[in-house]
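For reference, the structure discussed in these notes is given below.
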Amino acid sequence: MIIVVLVRSFAVAESMPHGEFDGYGEVPGITEGATFDKLEHAKAAGVHNENQRGIAGRAQGVAAQSIVISGGYKDDEDFGDFIIYTGEGGRLKDSRRHIKDQEMTGGNATLVRSQALGTPVRVLRGANAGTEFSPTKGYRYDGLYCVESHWSDTEEDGFLIWRYALRKLSDVAVPRRPEKTPSPAARSRPGGQEAPKRRPTSTNQIVRDPEVIAWVKKEYNDECQVCCTPLELPDGTRYSETAHIRGLGYPHSGPDKVDNALCLCPNHHKLFDLGAITISEDLKVVSMNTAAVVGRLHVTEDHQINPDHLSYHRKHHRQRSPREQH
Ligand SMILES: [Zn+2]
């Protein structure tokens, strides 16, 4: 019996040796919290199939498999179960200084596909990031996250960066660095309480005003403002979706009001959220890929859309910083 077990485990090991895992989600045999002295060890274990790059995925056109928060990008924000991750590229080699715009190619494009497809992304944290959630040494695998949204932004020197909001899929808390033991004198001193760090709320967790949703849907009789298509359900009622132009969650903090909402079909809702289409000042629907006008936004007289929100959406889905355009 023992021999059979040995042979079977050998067979499993042979069919999938460490380092050859090339899939999405959990790596068999690796549990959340697993640590690695070096990134190459995480690669050997199949957790992050890259030596240097922070974003690992297969060829372009497929979703990202894993990311590393290593402190290489100064715009990363780590809240444990919620991360704002900076895309790759644009930096001077071996430096945190940006010298050009980041592009929507390579790893940056794979993370957008993770958002579009809903594919989970493995997250590793490196000690060098130095946040309260970084391990004290080496690298730690912190479980699976989903990409909730992405947008472009301008970093402090004026170059374009891509940013991604990732939320943890499991309830397992990310370990915090142990606080340094206070000296006996400090222990006897009343310290009071520092303001607790606020955890950003995602659009998924925000309770959207049902009256705003109902008003927008009724105003357009559940027809998409881009393609005017009515989707009829089996009982004859219609289906539409309400999209917020400026996202409600951190860091966009758009208002939950009708002047920030659109009535869209699922296709155009997805394309708008992914930044694949934007709305111009004069309400033309523009394809981000080709810059061609692909339609016109239908707006009723009673629906006053705030142009600032449309401008915010355009600004956060552009491909070039103003300094690179001039
Ligand atoms: Zn539509």
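Nothing in this text is a laboratory measurement; each read-out follows from the coordinates by a stated rule. Since the structure is predicted, the reported quantities are computational estimates derived from the model, not experimental observations. A quick note on method: Cβ atoms are made from the backbone with ideal geometry, for glycine too, and the neighbour counts reach across all protein chains shown.
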Calculated from backbone phi, Karplus (6.51, -1.76, 1.60) coupling profile of segment 249-261 in Hz, x at Gly/Pro: x, 5, x, 7, 6, x, x, 8, 10, 5, 6, 10, 10
Amide H partners (placed H, <5 Å) of residue 91, local residues excluded: 99
For residue 148, distant residues with modelled amide H under 5 Å away: 165, 166, 167
Under 19 Å from the Cα of residue 100 - lysines, other chains or at least 8 residues apart: 74, 315
Ranked list, fewest to most other Cβ atoms within 10 Å of each Cβ, for 299, 47, 258: 299, 258, 47
